[in-house]
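In what follows, a structure is listed as structure tokens, so that the remarks can point back to it.
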Amino acid sequence: VICLIFGATLVSTERKDKVFKTFSYKGIVAAFLAALCWGVSGVVLKPGIQEIGSPFAALLVSYIATVLVMIVASLGKEHREQINNLNRRAFITLASSSLFTSLAQLCRYASLRITPVSVVDPLILSANALLVIFLSFVINRKLEVFTWKVIVGSSATFAGAYLLIL
């Protein structure tokens, strides 16, 4: 728990002027809301997967619900224009990301079928932090910021989550 708190505190105390010129508190709030929704989704998802028994079927139901929500959300003129103006490079990037997201969700659903959510989601989220730093350094080095606080904080968070599930 100390590692988790230390890691999260260290990452979140990075000074604005050192990280991004476009640093946004709205982005931080959205990230915390995403974390909240992710946490709720695992708790709600576990009984559904247990009932269905198939991660494939559970993922299909989840994605059908997602498509319905996105259709309603895309009814606005601004969203339609953004979709219509999507260039080839952006489309390929987003489609690739979606493929990895789908595979990640399928693996998460398969794991939740046989392992408690209290073990699965913290492990996924903390390992994700380390993988994101590594892959961002390899792929998006010019777009991301790598400071000792981010690297040590993320590593401490992963260590804390791993120690919790032992």
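The values are calculated or read from the model by the stated rules, or taken from the named source; none is laboratory data. Here the structure is a predicted model, which means the values were calculated and not measured. Neighbour counts run over all protein chains shown; Cβ positions are idealised from the backbone, glycine included. Side chains are part of the model used for accessible areas, which takes the heavy atoms of the whole protein and leaves out ligands, DNA and RNA. Shrake-Rupley method; radii C 1.70, N 1.55, O 1.52, S 1.80 Å.
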Looking at R108, R89, R113, R80, which is the one that is in a helix (DSSP H, G or I), within 24 Å of L36 (Cβ to Cβ), open to solvent by 90 Å² or more (accessible area, probe 1.4 Å) and modelled with pLDDT of 80 or more?
R113
Only residues that are free of Cβ contacts under 8 Å to residues at least 24 places away in the same chain and assigned to a helix (DSSP H, G or I): list them for segment 119-148, please.
I124, N128, L131, V132, I133, F134, L135, S136, F137, V138, I139, W148
For the subset of segment 139-158 comprising residues that are among the β-branched types (V, I, T) and open to solvent by less than 80 Å² (accessible area, probe 1.4 Å), which member is nearest to S97 (Cα to Cα)?
V145
